[in-house]
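The values are calculated or read from the model by the stated rules, or taken from the named source; none is laboratory data. What you see is a predicted model, and the numbers here were worked out from it, not measured in a lab. All Cβ positions, glycine included, derive from the backbone under ideal geometry; neighbour counts span all protein chains shown.
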Amino acid sequence: MASPSMRSPDQAPGPGARGFDAALDVIHRGVVTIDKAINKIIPEEFNPFYYLGGVTNLLWVVTLLSGIVIWTYYTPSEDQAYSSVKYLTEVVPFGSMFRAIHRYAADGMFIMAILHMFRNYFTDRYRGFRDLPWVSGIVLLLMTGFIGLTGYLLVWDQRAVVITEAMISVMKSLDGVIAGFGTWLARAFLGGDAVNSMSLPRMFFLHASLAGTIFFFLWMHYIRLHRPKIWPPAFVTLLSIGAVLVAAGLSPVETLPASNVALASGSQLPFDIFFLWPVVALGSFSPALILGVLAIVSAVLFVAPWLPKRPRYANVATVTPENCTGCQLCAVDCPFDAIVMVAGANPNPRNNELAVVNDDKCAECGICVGACPFHAINLPMAHEDAIKDKVVALLS
Amino acid sequence: MTATTTTTSKTNPMAASNKKPKIFGFLCEWSLGRTDYINPDGSVKGMEHIKTLKIPCSGFLKPEWVRVALENGAQGVFVLGCPLGDCHFNEGNFIINERLEQERGRWVRQKVIDTEGRVAELYLGATAGSDFNQMLQEFTDYIAGLPELVVAKKGAKAAPATKAATPAVAAPAKAAAVVPPAAAVPAAVPAALSPVAIPAVIAAAPVTAKAAAPAATKADAGEAGAPKKQFKRWEPKK
């Protein structure tokens, strides 16, 4: 026992933790050390590391808006895609700027999403009541990676051809798992056995429709939070957008030769490390290996909240209906939207509403206990009377 | 001082001697509560006059527990949470920050405490051990410079189980419980002006302390470094 704690030993973090939790605790301290260094420069309320998810969302919206601008000039067809992008880059005012913003905001979004994931893993904010946000976040990360990859196809330059060949080879390697499945997938992707007039519209559909689906998973990502930090504070917002603009100004988007121009070797092409690493890796490894590694990493990430599981439901907030006045203070303060006010359920008819706790959403933090002036809600393992007795005992 | 009143303020004898004032802390389990700066009996290592209790989140703190601690002899109470913006439960430290901002004013108006600085907030991450010790040292010095605080217990011990514990309602009877003895009120303050009628800005305790021993108070404050600003929220040294 470390010190008087109101929780069961297997739940309390800190010196009492053993095994996996102890290792996570060591990394947690490392993360907090980085925070502390940043807090010495920036006030803690504006620390960008406290708003990694908000920055990700901000850059996603920047990507979306710049993508809509690009889309108004884009023609998804095999013979006109390259020339429409070239027109946007060279003729349209700020056209190359919009392309650069679209690319670097997407890169930044991916970096921030990865940092957001690691930070939430290492600070133990990924399991228990946070399993749904974690799993939907992994889906969002995989979708972001795939949407970014398909974005490079749409330009339909030399690099797009190399990426298409790489994707087809990876898809066809699936024939080894289920006979014919890989070929079917490759045909569905291209709209035929080889690149034809149907290929570019399909690639564009993959890019844009999946981008719309992100909102569905974002909704799942936020649904367990009462007031999700969707937007970072103004300082961090300006810092993020400024970084994207500086990157776009310093390093404009390159124009590569068109797909029908013969090129000496594909290795001369620049590849985006964040979205095109599988294509680069294909130069050294087999498609099956890359797919296998991706599948295993994704599977581990998906089941991470249950490896090992955090004990739940032992300390869920409990309402004493006789004391509840239906004042809604606990429901308003709950950061996880776990308390609903049920009309007509209060044993005292004058009070009408009764606070009811949703066990699955409850984080067992007890913020509702601090909110309730009427002694109507309590954590069973840290009852307020027990706390008072402990305070008195410690001070005597 | 007379024994007839339940509450009284006088010059702190502890400041003169080496005895440290009793301080109580509520620690968030996820910030420094994770670490081993705390003895098994709940006191802070190296500062045994500070007793602590771990709670699941700083937002879990019911403000009335601060009052319970003050009633039981604590001269100062602090709440430790994660750095603002980094609460494990997203909002707990912002919520307790707002609650305490409200409650401090109420306690001063109800004359539970003489100055808002007696209830402090610390927001520290799990590695901020040196900041923690330094802040607690400053807090101890600050509290030692204040006159001793004795808070009347609110009725019987079982009473808080009812609605009466709501601190928002300052019933005259409750306020009267912390009235300084009539003899101690200086002549400058009209006797007819009962503490209930005193505007909120006039804190009772400094007045009585001055009345009891003005010279001694000044001397004490000078020795303790005369805390000018009210330490409500501690910031780590930049």
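Among residues of the range B:21-48 being under 24 Å from B:ARG67 (Cβ atoms) and in contact with a Pro (Cβ under 7 Å, 6 or more places away or on another chain), the one that is surrounded by the fewest Cβ atoms within 10 Å (Cβ to Cβ) is B:GLY42.
In the set A:SER251, A:SER199, only one residue is of a type in the set (S, T, N, Q), modelled with pLDDT under 95 and in contact with a helix residue (DSSP H, G or I) (Cβ under 6 Å, 6 or more places away or on another chain); that residue is A:SER199. Flag not set for B:ILE55, criterion: surrounded by 24 or more Cβ atoms within 10 Å (Cβ to Cβ), at pLDDT below 90 and either acidic (Asp, Glu) or over 14 Å from the mean Cα position of the chain (by Cα) (or both). Filtering the range B:94-137 to residues that are at pLDDT below 90, within 10 Å of chain A (Cβ to nearest Cβ) and in contact with a strand residue (DSSP E or B) (Cβ under 7 Å, 6 or more places away or on another chain) leaves B:TYR123, B:LEU124. If you check A:GLY151, A:GLY67, A:GLY95 for being out of contact with any Lys or Arg (no Cβ under 7 Å at 6 or more places or on another chain), without any contact (Cβ under 8 Å) to a residue 40 or more places away in the chain and not basic (Lys, Arg), only one passes: A:GLY95. Would you mind stating whether A:VAL340 is free of Cβ contacts under 8 Å to residues at least 12 places away in the same chain and either more than 14 Å from every other protein chain (Cβ to nearest Cβ) or surrounded by 15 or more Cβ atoms within 10 Å (Cβ to Cβ) (or both)? The answer is no for A:VAL340. Examine the range A:343-364 for a residue that is on the phi > 0 side of the Ramachandran plot and within 11 Å of chain B (Cβ to nearest Cβ), and state whether such a residue exists. The answer is yes; a qualifying residue exists. Close Cβ contacts (under 9 Å, 6 or more residues apart or on different chains) running from residues in the range A:24-45 that are at the interface with chain B (Cβ under 10 Å from one of its Cβ atoms) and at negative phi to residues that are part of a helix (DSSP H, G or I) and among the aliphatic types (A, V, I, L, M) comprise A:GLU44/A:ILE38. Checked against (1) within 12 Å of chain B (Cβ to nearest Cβ); (2) closer than 22 Å to A:ASP131 by Cα; (3) charged (D, E, K, R), A:LYS388 passes all but condition (2).
Using the structure shown, decide if A:VAL297 is of a type outside the set (Phe, Trp, Tyr), within 30 Å of A:ALA160 (Cα to Cα) and crowded, with 17+ Cβ neighbours inside 10 Å. In short, no. Among the residues of the range A:170-207, the one identified as in a helix (DSSP H, G or I), out of contact with any Leu (no Cβ under 7 Å at 6 or more places or on another chain) and among the polar types (S, T, N, Q) is A:THR183. Among the residues making up the range A:296-325, those that are farther than 21 Å from B:PHE89 by Cβ and within 14 Å of another protein chain (Cβ to nearest Cβ) are A:THR320, A:GLU322, A:ASN323, A:CYS324, A:THR325.
Going by the structure shown, is A:VAL55 within 14 Å of another protein chain (Cβ to nearest Cβ) and at pLDDT below 90? No: the conditions fail for A:VAL55. Under the condition of being on the phi < 0 side of the Ramachandran plot and either assigned to a helix (DSSP H, G or I) or loosely packed, with under 14 Cβ neighbours inside 10 Å (or both), the residues counted in the range A:300-317 number 12. The residue of the range B:43-81 that is farthest from the other protein chains (Cβ to nearest Cβ), among those that are touching a Leu at 6+ places or on another chain (Cβ under 8 Å) and assigned to a loop (DSSP other than H, G, I, E, B), is B:GLN75. Apart from one condition, A:ILE377 fits all of (1) touching a Pro at 6+ places or on another chain (Cβ under 6 Å); (2) touching a residue at least 40 places away in the same chain (Cβ under 8 Å); the exception is (1).
Scanning the range A:116-169 for residues that are among the β-branched types (Val, Ile, Thr) and farther than 30 Å from A:LYS86 by Cβ gives A:THR123, A:VAL135, A:ILE138, A:VAL139.
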